[in-house]
Amino acid sequence: MTQTSTQPARPRRSRLRTFLPLGIAAWLVLEIWLLTVVAGAAGGFTVFLLLVAGILLGAAVVKRAGRRAFQNLNQAVQRGGTPSGSEGNGWLMLGGLLLMLPGLVSDVLGLILLIPPVQKALGRRAERTFERRLRAAAPGSFGDAFQQARIHRPDGKVVQGEVIRDEPGGDAPQGPRPPLTH
């Protein structure tokens, strides 16, 4: 006689949940090792100045990107539209945050993210990945709902919307509806 477990099967951990802590630990060890190597070669005060310079530069970049994003949003609200030209602000902020983190590897990555062609390439890749995942979303999932809520206009613009259907026999009048106008 075999007994079966009444407990549900434990879901399998995703790769991200498995390897992210290991990646962070390896990155921290690399940062500390590199700081000690540079401190041994150039001196501890030089490393201290590099870290302070990274923090100051990162704070300035984050402040500038945040101010630019706020100005774009303010102008869009005044126009009654959506913000435009803010593609690089997120990458600038991420670059500034990486510069503010203590460490030389994070500083190099932050400086790379400040280069506009790199920002554009990463933005295009992130958009393609997002679109691909939305298209592959299973019916009934969040991605599927998000995809259905997007309406593509003939000029290529995407308009967020929601479709509400009246059930027959409800309070809504049955008959032709007037066309929607802008």
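Taking the criterion of being open to solvent by 80 Å² or more (accessible area, probe 1.4 Å) and of a type outside the set (S, T, N, Q), the residues of region 58-78 that qualify are Lys63, Arg64, Arg67, Arg68, Phe70, Leu73, Val77.
Take region 87-117 and flag every residue that is of a type in the set (D, E, K, R) and open to solvent by 30 Å² or more (accessible area, probe 1.4 Å). Within region 87-117, just Glu87 meets the criteria. Of all residue pairs spaced 6 or more apart or on separate chains, those with beta-carbon atoms under 7 Å, a first member in region 121-138 that is open to solvent by 50 Å² or more (accessible area, probe 1.4 Å) and a second member that is at pLDDT below 80 are Arg133/Gly143; Ala138/Asp144.
When region 13-41 is filtered for residues that are touching a residue at least 12 places away in the same chain (Cβ under 8 Å) and open to solvent by less than 60 Å² (accessible area, probe 1.4 Å), the ones remaining, listed by number, are Glu31, Leu34, Leu35, Val38.
The values are calculated or read from the model by the stated rules, or taken from the named source; none is laboratory data. It should be emphasised that the depicted structure is a prediction, and the values quoted were computed from it without experimental measurement. Neighbour counts run over all protein chains shown; Cβ positions are idealised from the backbone, glycine included. We work out accessible area using only protein heavy atoms, side chains counted, and drop any ligands, DNA or RNA first. Shrake-Rupley method; radii C 1.70, N 1.55, O 1.52, S 1.80 Å.
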